[in-house]
Amino acid sequence: MVANALGIMGGTFDPIHYGHLVAAEQARVRFRLERVLFVPNHQPPHKKDYPVTPAERRHDMARLATGGHPDFDVSRAELDRPGPSYAVDTVRALRRQLGADVALYFITGADAIAEILTWRAPEELMQSCDFIAVTRPGCDRASLEQALRALPGARVHLLDAVGVDISSTGIRQRVARGESLRYLTPTPVVRYIANHGLYLH
């Protein structure tokens, strides 16, 4: 295992699901990461087209989903920081905490990587960490590679995730329709969603 290699998986996680977990595990193994740190947003910087579930609920679900994995952790870094949640602020904080010798790998969807120039301080972010761009089934690789060519200097590694085509949007829609979530997200998360009446409307 490479010493001092940390994966950072940021996201809204509304809710977290097996697609997130499979991608994180594949990234951990392929890039020999010591840990993967899940970082739920407090206030997503890009306006969502639905009311986002309160951050503490999303944090709870992330903890329930990752609790059985010895190399997965959940961070409160963005929950405890006021204002919009920017990846560059999280990476800065981790760099101050961990020092220059730790290799940071930011794990996110390939579609998000294609839009990285719209993120806050993209040049600083690209210099501060490597990126693992997770492709989903049906990903348009040609368009993705074209987008990556517009990011000179960015260290982007493509990761073809196992065919787990699950989305948080789809899960919310299934709950609203009264459909089963079995095998889409861990059982403790399914119970939490039901017990707290999430995504019913």
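Values in this text are rule-based calculations from the coordinates and carry no lab data. Keep in mind the model is a prediction, meaning the values are calculated, not measured. Neighbour counts run over all protein chains shown; Cβ positions are idealised from the backbone, glycine included.
In debye, nearest 20: dipole of the range 5-195 around its Cα centre with unit charges on the Cβ of K, R (+) and D, E (-)? Walk me through the numbers on the way to the answer.
On the way: 24 positive and 22 negative charges, 69 e Å.
My answer is approximately 340 debye.
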In degrees, nearest ten, helix 168-177 long axis to first principal axis of the chain (Cα): 10
Can you compute 3J(HN,Hα) from phi for each residue in the range 83-98, using the Karplus curve 6.51 cos²θ - 1.76 cosθ + 1.60 with θ = phi - 60°, rounded to whole Hz and x for Gly and Pro? x, x, 8, 10, 4, 5, 5, 5, 5, 4, 4, 5, 5, 5, 6, 9
Enumerate the calculated ³J(HN,Hα) couplings along the range 157-162 in order (Karplus 6.51 cos²θ - 1.76 cosθ + 1.60, θ = phi - 60°), each rounded to whole Hz, writing x wherever the residue is Gly or Pro. 10, 7, 10, 7, 6, 3
When ranked by the protection proxy of mean other Cβ atoms within 10 Å per residue, highest first, what sequence do the peptides 143-153, 69-79 form? 69-79, 143-153
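Sort 87-93, 49-55 by packing, meaning the average of other beta carbons within 10 Å per residue, with the highest value first. Write down the numbers at each step before the final one.
Working: 87-93: 19.0, 49-55: 13.1.
Taking the mean over residues of other Cβ atoms within 10 Å, the ranking is 87-93, 49-55.
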Under the rule of at least 5 residues apart or a separate chain, name every residue whose amide H is placed under 5 Å from the amide H of G109. V134
Please give the Cα centre distance for the range 26-47 versus the range 115-187, rounded to the nearest Å. 11
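At most 14 other Cβ atoms within 10 Å and a DSSP loop assignment: could you name the chymotrypsin sites (Phe, Trp or Tyr not before Pro) in the range 148-201 that fit? List each step's numbers first, then the result.
Numbers: sites: Y183, Y192, Y199; in loops: Y183, Y199.
Hits after loop and neighbour filter: Y183.
Sorted by packing (mean other beta-carbon atoms within 10 Å per residue), highest first, where do 36-46, 122-132 land? Don't skip to the answer; put the middle values down first.
On the way: 36-46: 20.4, 122-132: 18.4.
Result, highest mean Cβ count within 10 Å first: 36-46, 122-132.
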Once amide hydrogens are built 1.01 Å from N within the peptide plane, the residues lying 5 or more places from H157 or on another chain with amide H under 5 Å from its amide H are F131, I132, A133
Please list 3J(HN,Hα) in residue order for the range 104-112, calculated via the Karplus relation 6.51 cos²θ - 1.76 cosθ + 1.60 where θ = phi - 60°; whole Hz, with x for glycine and proline. 9, 10, 8, 9, 7, x, 4, 5, 5
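Which value at 222 nm does the chain reach when only helices count, each DSSP H run of 4 or more adding -39,500 (n - 2.57), with the total divided by all residues and rounded to the nearest 500 deg cm²/dmol?
That comes out to -11000 deg cm²/dmol.
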Residues with amide H under 5 Å from that of G11, placed H, sequence gap 5 or more: V39, N41
